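The values are calculated or read from the model by the stated rules, or taken from the named source; none is laboratory data. Please read all numbers here as calculations on a predicted model, not as lab measurements. As a convention, Cβ positions derive from the backbone with ideal geometry for all residues, glycine included, and neighbour counts pool all protein chains shown. SASA here: full protein model, heavy atoms, side chains in, ligands and nucleic acids out. Shrake-Rupley method; radii C 1.70, N 1.55, O 1.52, S 1.80 Å.
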Amino acid sequence: MLEIKCPYCGKRSQNEFSYGGDAKIKRPELGKEISDKEWDNFVYYRDNPKGKHSELWHHISGCRQWFKVSRDTASHEIFKTAKLDEDL
Amino acid sequence: MRNKYSIFSLIKNSFTYHENWQRAWKDPEPKSFYDVVIVGGGGHGLATAYYLAKEHNLINIAVVEKGWIGGGNTGRNTTIIRSNYLWDASAGLYDHALKIWENLSQELNYNVMFSQRGVMNLAHNQHDVRELKRRTHANRLNGIDCLWLDTKQVKEFCPIINCSPNIRYPVMGSTLQKRAGTARHDAVAWGYARAADSMGVDIIQNCEVKGIKRKGDSIEGLETTKGFIKTSKIGVAAAGHSSVIANMAGLKLPIESKPLQALVSEPIKPIIDTVVMSNAVHAYVSQSDKGELVIGAGTDAYISYTQKGTHEIVEGTLNAILELYPIFSRLRMLRQWGGVVDICPDASPIISKTSIKGLYFNCGWGTGGFKATPGSGHLFAHTIAKNEPHGLNAAFNINRFVSGDLVDEHGAAAVAH
């Protein structure tokens, strides 16, 4: 089980959190013409690296804030956590 | 040619204390060139090589496997085989596999211990009841056997299920596919390996793919830990590591890799002669021939390439198991493990050509690939040999995520994700 450092509350056990997926996904700009391929990319394609991954987590049973986590998907080491407006 | 396994070969070898059995497959070093290289020596990859050799007359084939054959998800699943999927495309795909399973032991001359003991899918609320009745009808329209059982019939068919109306998720009915069942997972890999090897396929173990060499839009070969292998066609059946291989070719797949867990109990006398699955409470159970209860749990929520899962998933599953089967409350669990599964957004697989000429992917089976092993290999071999999909896997192309023509099987895939 992971021990995740919430940027607001500090280190807590993983079962206080829920996973929010790839942190790099950006919704295409509203009103802009885009191709099916770009939309497909936004809807279905997620980073799936074996190694360093930046992802969103939600401190759902705590302060209920969303934040970013940089984690290794092979070793589960957590390198850094950051608030949404900060860089990882 | 391999010696045929039979009662006579068993008797003959018993005179020499079973010390002179022929090797089931060779252990060759890779040649410098192959017509087709299959990446991944699990059930799907070995079956693909077997059907390429058997039905498409290709002999110069290699299967490269980074560990030992059948050591990945083929050896890590709960061995459940069924074809009660909702949509026409999936029904065709999974029932194709089920029909091959029915004769597989004879075909491979290897006992895969296919046991058609039936698979139940329990309903625990009104929505489950409607959804599973819909699936029962859809299955029957597609010629797949499926029965609906009410609570009383569930109790008759599998008496150890707690059918009390007072539990948190009461049993309100169940589907039953009688042709469904289980098989011996290792035997599937070994049987296909032996049969493919006897037709000249090179099965190369401990050979990890390190890179894919491209020339423009086509394939030149593979960099492996055993050197460069030249080939013009690569079929990837690498399950949880599909994205890693795709990345080597500069391709991205709509897949996320997560660990799926399973566990077995200490062996006990026969107590459950069928397979019982429950999507709502997320637990499935059957009994192996050794007497262990084989219990399936869920996937972790987050991406992980570790072949283990978190404890809370096991805890949740065992809570569900204990409520449904109070009789198991004093059993001890012997082993627990995880396999890295490749999950597609629509919970259906990809058996497809790609934008790169000569590169084919068979992936995205997620939490339910074992049941499809023979069918998957058969259709993937066709796709690679003919450079076009078979009618049964045409819907499972990689472009469906652009066209929007998804095959949404989240309801029929037993593990929620």
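The table below lists the values:
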| item | result |
| --- | --- |
| Every residue from the range B:351-403 that is open to solvent by 40 Å² or more (accessible area, probe 1.4 Å), touching a His at 6+ places or on another chain (Cβ under 6 Å) and among the hydrophobic types (A, V, I, L, M, F, W, C) | B:Leu392 |
| Residues located in the range B:201-247, provided they are open to solvent by less than 60 Å² (accessible area, probe 1.4 Å), closer than 22 Å to B:Gly70 by Cβ and of a type in the set (S, T, N, Q) | B:Gln205, B:Thr224, B:Ser242, B:Ser243 |
| Residue, surrounded by the fewest Cβ atoms within 10 Å (Cβ to Cβ), within the range A:61-88, restricted to residues that are charged (D, E, K, R) and away from every other protein chain (no Cβ under 14 Å) | A:Asp85 |
| In the range B:52-90, the residues that are touching a helix residue (DSSP H, G or I) at 6+ places or on another chain (Cβ under 7 Å) and among the hydroxyl-bearing types (Ser, Thr, Tyr) | B:Thr74, B:Thr79, B:Ser83, B:Tyr85 |
| In the range B:11-21, residue nearest to B:Ala193 (Cα to Cα) [restricted to those that are part of a loop (DSSP other than H, G, I, E, B) and open to solvent by 80 Å² or more (accessible area, probe 1.4 Å)] | B:Trp21 |
| Subset of the range B:157-184 (residues that are over 21 Å from B:Val281 (Cα atoms) and open to solvent by 30 Å² or more (accessible area, probe 1.4 Å)) | B:Lys178, B:Arg179, B:Arg184 |
| Top-ranked residue of the range B:248-260 - restricted to ones that are assigned to a loop (DSSP other than H, G, I, E, B) and within 13 Å of chain A (Cβ to nearest Cβ), ranked as most open to solvent (accessible area, probe 1.4 Å) | B:Lys252 |
| Residue ID - most open to solvent (accessible area, probe 1.4 Å), chosen from residues in the range A:30-60 that are part of a loop (DSSP other than H, G, I, E, B) and either within 11 Å of chain B (Cβ to nearest Cβ) or under 21 Å from B:Asp346 (Cα atoms) (or both) | A:Lys50 |
| Whichever residue in the range B:97-106 is touching a Gly at 6+ places or on another chain (Cβ under 9 Å) and surrounded by fewer than 21 Cβ atoms within 10 Å (Cβ to Cβ) and, among such residues, is farthest from B:Met199 (Cα to Cα) | B:Lys99 |
| Of residues in the range B:212-241 being in a strand (DSSP E or B) and either within 11 Å of chain A (Cβ to nearest Cβ) or basic (Lys, Arg) (or both), the one farthest from B:Thr48 (Cα to Cα) | B:Lys215 |
| Criterion (β-branched (Val, Ile, Thr) and surrounded by fewer than 22 Cβ atoms within 10 Å (Cβ to Cβ)) met by exactly one of B:Val314, B:Val341 | B:Val314 |
| Evaluation of B:Tyr302 against (1) open to solvent by 10 Å² or more (accessible area, probe 1.4 Å); (2) within 14 Å of chain A (Cβ to nearest Cβ) (one fails), failing number | (1) |
| Criterion: more than 14 Å from every other protein chain (Cβ to nearest Cβ), closer than 30 Å to B:Glu388 by Cα and not acidic (Asp, Glu) - qualifying residue of B:Ile321, B:Ile343, B:Ile351 | B:Ile351 |
| Near pairs, Cβ below 9 angstrom, 6+ apart or cross-chain, from the range B:38-63 (among the aromatic types (Phe, Trp, Tyr)) to any residue that is assigned to a loop (DSSP other than H, G, I, E, B) and open to solvent by 20 Å² or more (accessible area, probe 1.4 Å) | B:Tyr50/B:Met199 |
| Leading residue by the ranking (nearest to the other protein chains (Cβ to nearest Cβ)) among those in the range A:1-29 that are in a loop (DSSP other than H, G, I, E, B) and within 18 Å of B:Ile303 (Cβ to Cβ) | A:Met1 |
| So B:Ile271, is it open to solvent by 30 Å² or more (accessible area, probe 1.4 Å), of a type in the set (A, V, I, L, M, F, W, C) and away from chain A (no Cβ under 14 Å) | yes |
| Search result, residues across the range B:381-417 that are assigned to a helix (DSSP H, G or I) and more than 19 Å from B:Asp88 (Cα to Cα) | B:Ala381, B:His382, B:Thr383, B:Ile384, B:Ala385, B:Lys386, B:Val402 |
| Only listed residue being part of a helix (DSSP H, G or I) and within 14 Å of another protein chain (Cβ to nearest Cβ), chosen from B:Val244, B:Val188 | B:Val244 |
